[in-house]
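Comments concern the structure below.
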Amino acid sequence: MPDRRPRVVIVGAGFGGIEAARALKRAPADVTVIDKQNHHCFQPLLYQVATAALSPADVAWPIRRILRRQKNATVLMAEVRGIDTDKRIVRTDSVEVGYDFLVLATGATHSYFGHDEWAEAAPGLKRIEDGTRIRRRILIAFERAELTADAAARRRLLTFVIVGAGATGVEMAGAIAEVARQTLARDFRRIDPRTARIVLVEAGPRVMPTLPENLSDYVRATLTRKGVEVMTSARVTNCDTRGVDLEQGRIDAATIIWAAGVVASPAAQWLGAAHDRAGRITVGPDLSVPGHPEIFAIGDTAAAAGPNGRPVPGIAPAAKQMGRYVGDLIAARLAGAAGPPPFRYHHQGDLATVGRQSAVVKFGRLELTGFIGWLFWCVVHIFFLVEVRDRFMVAFIWLWDYLTFQRGARLITEVRPDDPR
Ligand SMILES: Cc1cc2nc3c(=O)[nH]c(=O)nc-3n(C[C@H](O)[C@H](O)[C@H](O)COP(=O)(O)OP(=O)(O)OC[C@H]3O[C@@H](n4cnc5c(N)ncnc54)[C@H](O)[C@@H]3O)c2cc1C
């Protein structure tokens, strides 16, 4: 090691990157966290921004603020474009940053299965901007339906299609149904928002396929009760601004939301490293990139082997576990100590809400549904919010929402040419 403090560079301040930085808090190293955004986003609650329950600032926090007490950490807002592994330099859109250890935690984004041209018509939910864009489109669809006298146009404007019945698709569908059936029910004069058609489309045979069949059936029944049409074994063949084509036929819809498929960040391409079909870097047992013991990939951008040889899932607790592991490993190496044993992922459970009073929870043998499941879901999510102030705020907003059916963040702050019409 040269005659200076070792440099640890972490690219990405999502769940994995923040956890890795925190694990290095006491390490004798200069830690640089690079992110193209100035904030860390709590993605599990983004759908509540998209459906006007929470405001962006309730689910995202400045990275600088999160790491402000960590004296050895520097935050740079820059977009990484490539890595020179020979010179050990990270190239960004503005500066070059040298490293001795590099942690890649750049996450994943939506995959349109080779049809990126669908993205404009069917935005996915990943960043704060996505949440506010989808919120705008949903609210504008109701506004324009109120304006039009054309019955077919009104029908299309009041049709919302969500593609993909994983946790995000299910949560979006349940929340939009409640916006239409309850929140907006009495706010319009020419249309009845309760007549809105909400369709959840899934290519596979059942919703939330990672859950056991009984819970998956429960989710489907709950969605149906809330007025969501669930279409399984229905593959999308085209999306445009006026609707969705399925193998079974076309659905005219002004609002389409993409919640199917993810693809990893281009980190594997920066390194020329081996990757799986989703573009995730294939990492070794210590999460290092083969041939580069000083470079690690974690979270959604890494393909790591989990228990029983199954891949570690792309969820927040997995990214956090990997971040902590790599941070501890680097700290141990800097101290000249033996590193921890190979990474072992511990699956804590699965959970998702199906609207305001209902959730499914599977933690080991514990299975909860309905109101109890929903309370459990609320507590877990409140607990993981970064700022104490936000825990109180969000708890209060949810209680208010629960008692009144109101959603406080129903503002349309701009109108764009690509909005529903
Ligand atoms: C809508 C939605 C709902 C979800 N719900 C749940 C849930 O309920 N429970 C759960 O456990 N998981 C959920 N997930 C999954 C979970 O959010 C991810 O598994 C987790 O965020 C992965 O963490 P990460 O650190 O790998 O990446 P991320 O948290 O995505 O962070 C990646 C970071 O890298 C930055 N970045 C990317 N590219 C660059 C670049 N070139 N240069 C600089 N910075 C870059 C990004 O700005 C971002 O801050 C959800 C995901 C989504 C999208």
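Within region 237-271, the set of residues being within 16 Å of the ligand (Cβ to nearest atom) and not β-branched (Val, Ile, Thr) comprises Trp258, Ala259, Ala260, Gly261, Ala264, Ser265, Pro266, Ala267, Ala268, Gln269, Trp270, Leu271. Within the bounds of region 85-95, is there any residue that is within 12 Å of the ligand (Cβ to nearest atom), farther than 19 Å from Val394 by Cβ and among the polar types (S, T, N, Q)? Yes: one or more hits.
Name the residue, out of Ile298, Ile330, Ile281, that is more than 15 Å from the ligand (Cβ to nearest atom) and surrounded by 23 or more Cβ atoms within 10 Å (Cβ to Cβ).
Details: Ile298 fails: more than 15 Å from the ligand (Cβ to nearest atom); Ile281 fails: more than 15 Å from the ligand (Cβ to nearest atom).
After ruling out the rest, the residue left standing is Ile330.
Residue count for region 310-322 under the criterion of being more than 7 Å from the ligand (Cβ to nearest atom) and within 16 Å of Ile281 (Cα to Cα): the result is 5. Just checking, does region 253-273 include any residue being surrounded by fewer than 19 Cβ atoms within 10 Å (Cβ to Cβ), farther than 30 Å from Ala319 by Cβ and touching a helix residue (DSSP H, G or I) at 6+ places or on another chain (Cβ under 8 Å)? So far as region 253-273 goes, no, none of its residues is surrounded by fewer than 19 Cβ atoms within 10 Å (Cβ to Cβ), farther than 30 Å from Ala319 by Cβ and touching a helix residue (DSSP H, G or I) at 6+ places or on another chain (Cβ under 8 Å). All of (1) more than 26 Å from Ser216 (Cβ to Cβ); (2) without any contact (Cβ under 8 Å) to a residue 60 or more places away in the chain hold for Met322 with one exception: (2). Residue check: Thr109 meets all listed conditions (1) touching a Gly at 6+ places or on another chain (Cβ under 8 Å); (2) crowded, with 21+ Cβ neighbours inside 10 Å; (3) within 22 Å of Ala297 (Cβ to Cβ) but one, namely (2).
Quickly run through region 305-319 and pick out the residues that are buried (at least 23 other Cβ atoms within 10 Å of the Cβ) and either in contact (Cβ under 8 Å) with a residue 40 or more places away in the chain or part of a helix (DSSP H, G or I) (or both).
Step one: list which residues in region 305-319 are buried (at least 23 other Cβ atoms within 10 Å of the Cβ), which gives 312, 318-319.
Hits for region 305-319 are Ala318, Ala319.
Annotation note: Cβ proximity below 7 Å between a residue of region 398-419 that is free of Cβ contacts under 8 Å to residues at least 12 places away in the same chain and a residue that is assigned to a loop (DSSP other than H, G, I, E, B) (sequence gap 6+ or interchain) occurs for Trp400/Gln406.
Number of residues in region 328-363 that are under 25 Å from Val263 (Cα atoms) and outside any loop (DSSP other than H, G, I, E, B) equals 4.
The criterion of at least 1 residues that are in contact with a Pro (Cβ under 8 Å, 6 or more places away or on another chain) and at pLDDT 95 or above is met by the following strands (runs of 3 or more DSSP E) wholly inside region 1-74: 30-35, 39-41. Annotation: Asp390 fulfils all but one of (1) of a type in the set (Asp, Glu); (2) over 26 Å from Ile198 (Cα atoms); (3) in a loop (DSSP other than H, G, I, E, B); the unmet one is (3).
When the test is whether a residue is part of a loop (DSSP other than H, G, I, E, B), within 16 Å of the ligand (Cβ to nearest atom) and crowded, with 17+ Cβ neighbours inside 10 Å, Tyr325 does not pass it. Filtered by the rule that a residue be touching a residue at least 60 places away in the same chain (Cβ under 8 Å) and within 12 Å of the ligand (Cβ to nearest atom), region 114-132 gives Pro123, Gly124, Leu125, Lys126, Arg127, Ile128, Asp130, Gly131.
I'd like the full set of residues that are of a type outside the set (S, T, N, Q), part of a strand (DSSP E or B) and in contact (Cβ under 8 Å) with a residue 12 or more places away in the chain, limited to region 213-248. Full working, then the answer.
Within region 213-248, the first condition is being of a type outside the set (S, T, N, Q), and the residues that meet it are 213, 215, 217-221, 223, 225-231, 234-236, 239-240, 242-247.
From the residues that got through so far, the ones that are part of a strand (DSSP E or B) too are 228-231, 236, 239-240, 243-246.
Hits for region 213-248 are Val228, Glu229, Val230, Met231, Val236, Cys239, Asp240, Gly243, Val244, Leu246.
How many residues are away from the ligand (no atom under 16 Å from the Cβ) and of a type outside the set (Asp, Glu) if we restrict to region 96-113? Count: 3. Among the numbered criteria (1) at negative phi; (2) touching a Ser or Thr at 6+ places or on another chain (Cβ under 6 Å), which one does Gly12 miss? Of the numbered conditions (1) at negative phi; (2) touching a Ser or Thr at 6+ places or on another chain (Cβ under 6 Å), the odd one out for Gly12 is (1). Please pick out the residue among Thr183, Thr224, Thr159, Thr195 that is at negative phi, buried (at least 16 other Cβ atoms within 10 Å of the Cβ) and at pLDDT 95 or above. Only one candidate passes the filter, namely Thr159.
The values are calculated or read from the model by the stated rules, or taken from the named source; none is laboratory data. Owing to the predicted nature of the structure, the values given are computational and were not obtained by experimental measurement. For neighbour counting, all protein chains shown are included, and Cβ atoms are generated from backbone atoms with ideal geometry for every residue, glycine included.
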